[in-house]
Amino acid sequence: MKYQPYVEFTAQGANVRTLMTMYASLDTAPDTVERVIPIVVFMAFSIEAYLNSVGSRSVPFWDELERLPWRSKVNILHRSASQKANWGEVHLQFATSVFKLRDNLAHGKPERVLGPSFETWEEAHQSLLARKPQPLWYAHLNKAWAYKAKEQFRELMRYVGELQGLHESDHLAISEGGVARDSAKD
């Protein structure tokens, strides 16, 4: 008889751990949008990975649904819990905002963003050199947004897990493991 170590790896756990590592370095880093963009991206990765994790454990045919858009997954998870998704509710509004940011980053097209008007070309040029105009959705990505989003993210993940009766820390699980008998013949 042989024995084999195993783990049940979770993508959302790895994503959440990566996300929290980004947050740890945010404290000492300059407050720049470039430091916050990876947080947005990994937050969206973590949310969708957790939807898939919860769905695969609670909906028997989840493999057939995995490629659906994230909103459809949320609706299915609610229905499987005999509930209806309330898209005006704070948790789902937050998820919507994170995915909208992610979509702007992943699917954005060039856009002209206008700054303030000036009397002279020199003033306008100096303004451009000092601070380039940015879209509103991009300009608000800063440490303040990130820290507020961190708590909203935790609440959303708890909410998703609790829909299926999972512990509030379920989204943090990276892997569970043990040692099993190797089923291969000696």
Normalised by the number of residues in the stretch 53-135, what is the relative contact order in percent for Cα pairs under 8 Å and 6+ residues apart?
15 percent
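How large is the dipole of the chain about the Cα centre if only Lys and Arg carry +1 and Asp and Glu carry -1, each at its Cβ, rounded to the nearest 20 debye?
Numbers: 22 positive and 22 negative charges, 52 e Å.
Dipole size: approximately 240 debye.
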Between 0 and 90°, nearest 10: helix 121-130 axis offset from the chain longest Cα axis
30 degrees
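Calculate how large, on average over all directions, the projected area of the Cα convex hull of the stretch 1-59 is; give the answer in nm² to one decimal.
Computed as one quarter of the Cα hull surface, the answer is 6.0 nm².
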Under a plain spin-label model, where a point goes 7 Å from the Cα along Cα-to-Cβ, how far apart in nm are residue 4 and residue 25?
3.6 nm
Rounded to 10°, Cα long-axis angle of helix 90-107 versus longest principal axis of the chain:
70 degrees
Row for the stretch 60-102, column shape: gyration tensor on C-alpha, a ≥ b ≥ c, rounded if a/c < 1.5 i.e. under 1.5, prolate if a/b over b/c, else oblate; value oblate
Highest-MSF residue in the chain out of 155, 34, 48 [GNM, Cα springs under 10 Å]:
34
Segment residue 103-residue 86, extension gain: residue separation times 0.36 nm, minus the distance between their alpha carbons:
4.0 nm
The list (1) 14.8, 43; (2) 21.4, 86; (3) 18.8, 58 gives values of Rg and Dmax of the Cα atoms in Å, and only one came from this structure; which label was calculated from it?
(2)
Over the stretch 1-84, relative contact order from alpha-carbon pairs under 8 Å, at least 6 apart, %:
27 percent
Mind listing the phi-derived Karplus ³J(HN,Hα) values for the stretch 148-164, rounded to whole Hz, using 6.51, -1.76 and 1.60 with θ = phi - 60°, and x for any glycine or proline?
5, 5, 4, 5, 5, 4, 4, 5, 4, 5, 4, 4, 4, x, 5, 4, 9
What length, rounded to one decimal in nm, is gained on full extension from residue 126 through to residue 75, with 0.36 nm per residue of separation minus their alpha-carbon distance?
13.4 nm
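Name the shape class, rounded, prolate or oblate, that the alpha-carbon gyration tensor gives for the stretch 104-150, where a ≥ b ≥ c are the square roots of its eigenvalues, rounded holds for a/c under 1.5, and otherwise prolate holds if a/b is larger than b/c and oblate otherwise.
Verdict is oblate for the stretch 104-150.
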If you take every residue apart from residue 12 with its C-beta less than 12 Å away from the C-beta of residue 12, what net charge results, scoring Lys and Arg +1 and Asp and Glu -1?
0
For residue 32 and residue 63 in one chain, what is 0.36 nm times their gap in residues minus the Cα-Cα distance, to one decimal in nm?
7.3 nm
Pseudo-spin-label distance residue 182 to residue 142, built 7 Å along Cα→Cβ, given in nm, is 5.8 nm
Compute the relative contact order of the chain as a whole-number percentage, counting only Cα pairs closer than 8 Å that sit 6 or more residues apart in sequence.
44 percent
Pairs of lysine residues in the chain - Cα separation under 27 Å, sequence separation of 8 or more or cross-chain
18
Rounded to the nearest 500 deg cm²/dmol, what is the calculated helix-only ellipticity per residue at 222 nm for the chain, with -39500 (n - 2.57) per DSSP H run of length n ≥ 4?
-18500 deg cm²/dmol
Among 117, 56, 72, which one moves the most in a GNM of the chain with springs linking Cα atoms closer than 10 Å?
117
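Answer rounded, prolate or oblate for the stretch 1-110, using the Cα gyration tensor with square roots of eigenvalues a ≥ b ≥ c: rounded when a/c is under 1.5, else prolate when a/b is larger than b/c, else oblate.
oblate
Read-outs: derived from the displayed coordinates by stated rules, not from any lab. Remember, predicted model here, so these are calculated numbers, not experimental data. Reconstructed Cβ throughout: ideal geometry from the backbone, glycine too, with neighbour counts over all protein chains shown.
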